[in-house]
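The values are calculated or read from the model by the stated rules, or taken from the named source; none is laboratory data. On a predicted model such as this, the values are computed, not experimentally measured, just so you know. Note: ideal-geometry Cβ built from the backbone for every residue, glycine included; neighbour counts use all protein chains shown. Just the protein is used for accessible areas: all its heavy atoms, side chains included, with ligands, DNA and RNA removed. Shrake-Rupley method; radii C 1.70, N 1.55, O 1.52, S 1.80 Å.
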Amino acid sequence: MRKETAALLEWYDHHAREMPWRSPPGSRHTPDPYRIWLSEVMLQQTTVAAVRAYFDRFTTRWPTVADLAAAQDADVMAEWAGLGYYARARNLLKCARVVAQAGGFPETYDGLLTLPGVGPYTAAAVAAIAFDQPATVVDGNVERVMARLFNVEKPLPLSKPELTVLAAKLTPQTRPGDYAQAVMDLGATICTPRNPACGICPLRPFCAAQAEGTQSTLPRKIPKPEKPTRTGTLWLARHPDGRWLTEERAAKGLLGGMIGFPGMGWDSKTAHDAPPVTANWQDVGQIRHTFTHFHAALTVLAATTSARPDHGMFQPVNPENLPTLMRKAFDLAAATLLPR
DNA sequence: GACCCGTGGCT
DNA sequence: TAGCCAAGGGT
């Protein structure tokens, strides 16, 4: 085992953060692969703080992968609402059904990689953490730690292959799961993107960037293109009986599979060219929301009507089950149509 | 490889 | 406040 790896594991033994899905360092108990997989999917591009409540709700409602596999699609999408990247929820269900049918999770990196929604990172994480295999985990934290430890000045994503090789060299044959979590904890708490806490870092004696004084400039990244702003309209029609005019969005693409309100202009794939129902539409204000690759600035039109809609269905709406953009529009319309 | 896909916290 | 960032994956 390399000295960097040993130092990292020694640090982790005393500084591991507690998480609902995590076994304590060196634990003899084998972690539940279902809980590890579920947490890793939720943690894709998502912070630990945001995941905790969702993880608790999912595991309470669906304690095993078989329970999840038997769930209704709409229930899982509703439970995922607000967490973002909704393709994860669709793939989560697909994966649960494959695994339940097979009688359990594959225990190898290659086997895990075949599952829906499981890519190189998640396959390695589950293999290492749940099955104690020496798979190399490479996420944003690991990229940052390796770039600094070895003073890699080539920018991401060009440097990703090189960083992956370096990370593999540090992966031990024993305790690979603890090692994977240790690097990620280090990246999350000490080797942070800005203002890294080099003074208390267990890898400081080995860190090339620290020696060169370049740690705050690494990892370098190729600049991202600017986000355009898309403008458009959302129509929120409330039936006198309290239901709202909603439509289930297309399974793929933006907010795929989620409940939404009819709109125009901003979302080319599901755009309409006229209001979904005849009504006395009232401009109740604007909402702004930023997605991965564009800003949305939308005018919200609201009305109460019992006319028959051209598309969509009047349905009961629980705002907690809406994606955030739609919830913003709902809150605005409800404040006007249902003043308290 | 390029592009698509959410959200909330932090600075 | 506007941008950056997070335990990425699919197409």
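Here is how the numbers come out for the structure above:
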{"quantity": "Test: residue in region A:119-137 that is in the same structural domain as A:Asp32 (by TED's automatic domain parsing), under 22 Å from the mean Cα position of the chain (by Cα) and among the charged types (D, E, K, R)", "calculated": "no"}
{"quantity": "Conditions (1) open to solvent by 70 Å² or more (accessible area, probe 1.4 Å); (2) among the hydroxyl-bearing types (Ser, Thr, Tyr); (3) within 15 Å of DNA strand C (Cβ to nearest atom); (4) touching a Ser or Thr at 6+ places or on another chain (Cβ under 9 Å): number failed by A:Ser23", "calculated": "(1)"}
{"quantity": "Wholly enclosed helices (runs of 4 or more DSSP H) of region A:94-161 bearing at least 2 residues open to solvent by less than 40 Å² (accessible area, probe 1.4 Å) and within 23 Å of A:Thr189 (Cα to Cα)", "calculated": "A:120-131, A:140-149"}
{"quantity": "In region A:313-329, the residues that are in contact with a strand residue (DSSP E or B) (Cβ under 9 Å, 6 or more places away or on another chain), closer than 17 Å to A:Thr233 by Cα and either open to solvent by 30 Å² or more (accessible area, probe 1.4 Å) or not in a loop (DSSP other than H, G, I, E, B) (or both)", "calculated": "A:Thr324, A:Leu325, A:Met326, A:Lys328, A:Ala329"}
{"quantity": "Region A:131-156 residues that are in contact (Cβ under 8 Å) with a residue 12 or more places away in the chain and over 18 Å from A:Pro176 (Cβ atoms), paired with ones that are among the acidic types (Asp, Glu) and open to solvent by 40 Å² or more (accessible area, probe 1.4 Å) (beta carbon under 6 Å, 6 or more apart)", "calculated": "A:Asn151/A:Glu212"}
{"quantity": "Some residue of region A:174-195 being in contact with an Asp or Glu (Cβ under 7 Å, 6 or more places away or on another chain), among the aromatic types (Phe, Trp, Tyr), crowded, with 17+ Cβ neighbours inside 10 Å and under 23 Å from A:Pro24 (Cβ atoms)", "calculated": "no"}
{"quantity": "Filter pass, A:Pro223 being within 13 Å of DNA strand B (Cβ to nearest atom) and under 30 Å from A:Leu149 (Cα atoms)", "calculated": "yes"}
{"quantity": "Test for A:Gln45: is it within 12 Å of DNA strand B (Cβ to nearest atom), of a type outside the set (D, E, K, R), assigned by TED's automatic domain parsing to the domain that holds A:Gln173 and open to solvent by 20 Å² or more (accessible area, probe 1.4 Å)", "calculated": "yes"}
